[in-house]
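Heads up, the thing below is written out as structure tokens.
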Amino acid sequence: MKNKQIDKQLIKNLAIIVIVFAAIEFLLYGDLLTRQFRSLLIPVCINVILAVSLNLTTGFLGELTLGHAGFMSVGAYTGALVTMNLNLPMIIEFPIALIAGGLVASLFGVIIGVPVLRLRGDYLAIVTLAFGEIIKSIINSLKITNGAMGLSNIELHGNYKNFGYVFFLTVITIFAIKNMVNSRQGRAVCSIRDNYIAAEAVGINVSKFKVMAFVVAAFFAGIAGVIYGHNVGTLKPTTFDYNKSIEILVIVVLGGMGSIKGSVIAAIILTILPEMLRSADEFRMFLYAVVLIAMMIFNSSQIKQRILSSDIFLKLKKTKKEA
Amino acid sequence: MALLEVKNLGISFGGLRAVDDFNITIEKGCLYGLIGPNGAGKTTVFNMLTGVYLPTDGSILLDGTNLVGKNPAQICQSGVARTFQNIRLFGKMTVLDNVKVALHNEYNYSLASGLLHLGKYKKTEAAMDQRALEILDVFGMKEYAGLLASNLPYGEQRKLEIARALATNPKLLLLDEPAAGMNPNETAELMDTIRFIRNKFEITILLIEHDMKLVTGICEKLTVLNFGTELTTGTPEVVLNDPEVITAYLGE
Ligand SMILES: Nc1ncnc2c1ncn2[C@@H]1O[C@H](COP(=O)(O)OP(=O)(O)OP(=O)(O)O)[C@@H](O)[C@H]1O
Ligand SMILES: [Mg+2]
């Protein structure tokens, strides 16, 4: 019985994915999107991947980390160097770049995993923050990454013309993280968050699963970085500073710790919102902050619960279902 | 050979000698009680047996193999499971998942299977669900399977801790005040359950308890701990009529 329910949910999710994808492709092919919106498609996907993967360490493992952009930059540079040095068709070199970017980023996930095993809470947040900045300065000083000048003329394998590809990667990421949470590995991760002493007592190797969570999260952040580089075409070390890490963390917190759906929705809203506010000019960041605060308050208040459980909402939901 | 053999176990916290020269031998299948006044060091003994604390002295042998120096997860895998005096459930996880976490080492599939839900995933998860529900059923908790553990009533939380410990398939089960906070009816039921699981799962149980009705009702042997040292050991009738025990612990 439970299996059937899961399958039903899966079919519903797949239906949503197909509809969203078809709608966007329709708009793209019909040239119905403004340039502004078209340029947002890939950044939305990138932020969804980043938020969902950060949710694994912050929401499910329960460790506050501020270095996610560090993994992203490692992936971005690795991926860009792969496609710049390989002269193969996109269909071959882009997957290689994605996998390489993900793997090198997850290697850094292992490295950051070491302090993760020793530190908790605010201490860990500060160490991961420093970790991101260290990566930035390493990239800044290396020859292969072209220092502060950064890389340019990266082939645009990941721009809106290949939206289908990027969309597919985004869906894969969402499913992978969702699947992991509902697996024995994910349960081990969540048990550590809820009570690590009890987790140890039932035989969970706490160190192993903490590192595993960081490695998996870093892998997908690396992939997001590869897409980023191949969408913009240029990379600079400063793109991936702690502001970016905090931006992703804000998405995760706003969407709800440990809620994958929430991360996806918050990533979409918080990527589009600043662009929508562009017309407000100098008030842009002010309005952005106000909306952010309003959304936070809404999210944590009883109002949301009341709306969700109110008669009208339930009726609406019902009629929508019947229709 | 006895299942558990503890010799000269001791631990100091700074200047405080919390447990000193503690000895206990538990035969396989026994239901053993560890009693004593507040602060006597009972929970500390459990923490040493499960690797939470590293003893300063002494040896712990389970089925002849040494446990001292192993970490809690390794000790669990060698066959010692426990519950906690201050309940430690996985509060944001469901009752079913609390038990399934404890099945982690017995049912295996790779991370790739977990990420993709392919390969052994479906079959293994189905088997885990079945096993977890079987264990919950022993405690009459099957219908709570989908609830969050933190939403359970107190008595049920205590039972879930025992269920979770049992799911690790232990040889030795340590229960730290399993009846704490339970009413007399719940305690009576718990006594039956403890006896039942000992027989059904063929395990050995060492329990800490202040409820004398439970202790005399189910324990076959007792050790009394006082100020970190062993006061006496023996059958309940002998121990509870010992004048030293009466003055140190039972009062009146
Ligand atoms: N980590 C620790 N650091 C310092 N002292 C400790 C530590 N753990 C236990 N103690 C001390 O060891 C002594 C024994 O404590 P323990 O919790 O084992 O008692 P207990 O017999 O379980 O008591 P109760 O019946 O109240 O649960 C106490 O004096 C306690 O303060
Ligand atoms: Mg105690």
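In peptide B:82-91, how many Cβ atoms from other protein chains are near each Cβ within 10 Å, on average?
On the way: counts 3, 2, 4, 0, 0, 2, 7, 4, 10, 4.
Per residue, the number of nearby Cβ atoms from other chains is 4 on average.
Across peptide B:167-173, how many C-beta atoms of other chains are within 10 Å of each residue C-beta, on average?
On the way: counts 2, 3, 1, 2, 0, 0, 0.
That works out to 1 on average.
Report the net charge of residues surrounding residue B:42, where surrounding means a beta-carbon distance below 13 angstrom and charges are Lys +1, Arg +1, Asp -1, Glu -1. Walk me through the intermediate numbers first.
Details: positive: B:82; negative: B:176, B:177, B:209, B:230.
Once all neighbours under 13 Å are counted, the net charge is -3.
In square angstrom and rounded to 100, what buried accessible area do you get between chains A and B, total over both, with the probe at 1.4 Å?
On the way: alone 17530 and 12010 Å², together 26970 Å².
Interface area, both chains combined: 2600 Å², rounded to the nearest 100.
Kindly report, to the nearest 10 Å², the accessible surface of residue B:76 as traced by a 1.4 Å probe over protein heavy atoms only.
Counting only protein heavy atoms, the figure is 10 Å².
Pairs of Cα atoms under 8 Å, at least six residues apart: use those to get the relative contact order of the stretch A:33-108, whole percent.
Working: 41 pairs, mean separation 19.8, N = 76.
In percent, rounded to a whole number, it is 26.
Work out the mean other chain Cβ neighbour count within 10 Å for the residues of B:111-120 and drop it here as an integer.
Working: counts 8, 0, 4, 13, 11, 6, 9, 1, 0, 0.
Partner-chain Cβ atoms within 10 Å, mean over residues of B:111-120: 5.
So for chain A, averaging the separation of alpha carbon pairs under 8 Å that are six or more residues apart and normalising by length, what relative contact order in percent results?
Working: 445 pairs, mean separation 100.9, N = 323.
Relative contact order for chain A comes out at 31 percent.
I want to check a number: in the stretch B:88-167, how many lysine pairs have alpha carbons closer than 26 Å, given a sequence separation of 8 or more or different chains?
The number of close lysine pairs in the stretch B:88-167 is 14.
Over chain B, what relative contact order in percent results from Cα pairs under 8 Å that are six or more residues apart?
On the way: 456 pairs, mean separation 67.2, N = 252.
After rounding, I find 27 percent.
Let me make sure I get this right: for the stretch A:33-242, a, b and c are the square roots of the gyration tensor eigenvalues over alpha carbons, sorted descending. Under 1.5 in a/c it's rounded, otherwise prolate if a/b > b/c, else oblate. Which is it? Could the numbers behind the result be given before it?
Numbers: a/c = 2.15, a/b = 1.57, b/c = 1.37.
Since a/c reaches 1.5 and a/b is larger than b/c, the shape of the stretch A:33-242 is classed as prolate.
Run the accessible area of chain B with a 1.4 Å probe and give the carbon-and-sulfur part as a rounded percent. Show your work: numbers first, answer last.
Numbers: 5500 of 10770 Å².
C and S atoms contribute 51 percent here.
Can you give the helix-only mean residue ellipticity at 222 nm for the protein assembly as shown, where every DSSP H stretch with n ≥ 4 adds -39500 (n - 2.57) and the sum goes over all residues, rounded to the nearest 500 deg cm²/dmol? Don't skip to the answer; put the middle values down first.
Working: 24 runs with 336 residues, N = 575.
Mean residue ellipticity, 222 nm, calculated: -19000 deg cm²/dmol.
Sorted by accessible area (1.4 Å probe), largest first, how do A:123, B:53 line up? Can you show the working numbers first?
On the way: A:123 160, B:53 80 Å².
Sorted by accessible area, descending: A:123, B:53.
Past 22 Å, Cα to Cα: identify those pairs from B:70/B:171; A:143/A:210; B:28/B:213, in the order given. Display every interim value, and only then the final one.
Details: B:70/B:171 17 Å; A:143/A:210 33 Å; B:28/B:213 24 Å.
Over 22 Å Cα-Cα: A:143/A:210; B:28/B:213.
The values are calculated or read from the model by the stated rules, or taken from the named source; none is laboratory data. Keep in mind that what you see is a predicted model, and the values were worked out from it rather than measured. No Cβ is skipped: glycine too gets one built from the backbone with ideal geometry, and neighbour counts run over all protein chains shown. Accessible surface areas use protein heavy atoms only, side chains included; no ligands, DNA or RNA. Shrake-Rupley method; radii C 1.70, N 1.55, O 1.52, S 1.80 Å.
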